[in-house]
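Single-structure report; data block below.
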Amino acid sequence: KTVIFLRQRGANPNAQDADGYTPLHIAARDGNFSSASALLKCEASLHIRGKTRKTAIHSASDCGNRQVLKVCLQEPEANTVLKTFYDSKDNKKVLTTCLHLAAANGHIDCIKLLLQFGFNVNKQSVVGTALHDAATCGKLQAVQLLVENGIDVFKTNDMNETALDRVN
């Protein structure tokens, strides 16, 4: 109700703070489902990136906030956001994806949700696939889930390492 009240009085749902975060980023990070839902109804954008280059979808994935992630993924623009990366400012290096973030933190429910929404399990970044991140961070359940969903265990990263090489 507060979000809608403020929006009716001219508040900008896409206003960014000093770190470039919008109210939707903060709701995604904090797992505030009701605020995220209201902000999306008030035309908050999923495309805006903070200084860390994350979108709200990346923030929800990183923090394991499945409910917020789901409401974001149900938005029509989510498909284009999923095809983008949490990248360097010069857009030359793909640092990570929302699946990589969820896997590195062992957020099983978020991994499942991203895969249900069609995220490419074998999407590559400079450090490798989400399997590389899950294995490096010791997230066994995430490793198992990714393998069960067809991730290529032989895929190498930019340093020619497999996920197994990263944990040895």
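The values are calculated or read from the model by the stated rules, or taken from the named source; none is laboratory data. Everything quoted here is computed from the prediction, not taken from an experiment. Quick note on the areas: whole protein, heavy atoms, side chains included, nothing else; ligands and nucleic acids left out. Shrake-Rupley method; radii C 1.70, N 1.55, O 1.52, S 1.80 Å.
Rounded to the nearest 10 square angstrom, D62 shows an accessible area of 40 square angstrom against a 1.4 Å probe. Please say if the chain is rounded, prolate or oblate, where rounded means a/c under 1.5 for a ≥ b ≥ c the square roots of the C-alpha gyration tensor eigenvalues, and otherwise the choice is prolate for a/b larger than b/c and oblate otherwise? Because a/c hits 1.5 or more and a/b exceeds b/c, the chain counts as prolate.
Accessible area per residue, 1.4 Å probe, Å², for the chain: what's the number?
On the way: 8650 Å² over 168 residues.
So the chain comes to 51 Å² accessible per residue, rounded to a whole number.
Distance from the alpha carbon centroid of segment 5-69 to that of segment 120-168 works out to 29 angstrom.
Estimated at 0.36 nm per residue, the fully extended path between A11 and Q141 surpasses their Cα-Cα distance by 42.6 nm. When the chain is modelled as a GNM with alpha-carbon springs shorter than 10 Å, which of K112, K51, K155 fluctuates the most? Most flexible of the set in this elastic network: K51.
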